[in-house]
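**Student:** Structure incoming, see below.
Just so you know, all these numbers are worked out from the coordinates, no wet-lab data involved. This is a predicted model, so every value here is computed, not measured. For neighbour counting, all protein chains shown are included, and Cβ atoms are generated from backbone atoms with ideal geometry for every residue, glycine included.
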Amino acid sequence: MKAQEPTPLSGVPPRKVARSVSTLRRALGTRHAAARWILSAVPLLLMLLGTAADCAPAKNREPSVGIEGTVERVLNSPDYTPLPVTENTPLILRVHSVKRNAEGKYNYTFAYIGLQSGVFNLADYLQNSAGKRVRDALPVISVTVQALLPDNASATLPNRSFNLSDLSEVWRAYQSLITNY
């Protein structure tokens, strides 16, 4: 006959084991309460993980309107600067950094924010140190800015002026909620 392997409760009297198990069951409510709690928490956890994945920035995706994008290019001169921004500028350009490389050329890092969706050539928004546009002297630096709304969506907001009576109605509703609670 084989000797029995010792269990964690092998030296504990049976009454004490029964009391411990019943105390644990009372603490959990039922025998399966822990399993039900875990099973009910799993969908919530999956939902939170899915939401976090949706909120994470996508790699290799063009920025949308109002979101900054960056692009790196190698150019011949270190003195390119962005054109001044005007009212009708569809894209705001910034030179983030310029570093000389081993070949004697310059590594530019451009940061841009599109105010309109579309495909833009960043060379159209650059000037040299003399203030002259250099779009013909540079290669095409194409960037795409995605639209947030679908093409058939109306981007106009209703023209509604602010009225103080609206605010007073909200305040009265809040006061009545507080006093009646």
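**Student:** I want the local charge near L126. Using Cβ-Cβ distances under 13 Å, sum +1 for each Lys or Arg and -1 for each Asp or Glu among the other residues.
**Tutor:** Values: positive: R73, R94, K132, R133, R135; negative: D79, D124, D136.
Local net charge: +2.
**Student:** To continue, here is another question. Can you give the percent of C-alpha pairs in segment 68-145 whose distance is more than 18 Å? Present the calculation step by step, with values, prior to reporting the outcome.
**Tutor:** Details: 1084 of 3003 pairs.
Everything past 18 Å amounts to 36 percent.
**Student:** Within 10 Å, count the other beta carbons around each residue, average over each peptide in 77-90, 125-138, and list them highest first.
**Tutor:** Working: 77-90: 12.4, 125-138: 13.9.
Averaged packing, sorted descending, gives the order 125-138, 77-90.
**Student:** What nm distance separates the two modelled labels at A147 and V95, each placed 7 Å from Cα along Cα→Cβ?
**Tutor:** 3.4
**Student:** At 7 Å along the Cα-to-beta-carbon direction for both V119 and V71, put a label point, then send me their distance in nm to one decimal.
**Tutor:** Calculated label separation equals 1.1 nm.
**Student:** Another question about this same structure. Charges only on Cβ, +1 for Lys and Arg, -1 for Asp and Glu: so what's the dipole of segment 79-137 about the Cα centre, in debye to the nearest 20?
**Tutor:** Details: 7 positive and 5 negative charges, 37 e Å.
Computed charge dipole of segment 79-137: roughly 180 debye.
**Student:** Each residue of segment 134-142 in turn: what ³J(HN,Hα) in whole Hz from Karplus with 6.51, -1.76, 1.60 and θ = phi - 60°, glycine and Pro shown as x?
**Tutor:** Per residue, the Karplus-derived 3J(HN,Hα) values read 10, 4, 7, 8, 10, x, 5, 10, 7 Hz.
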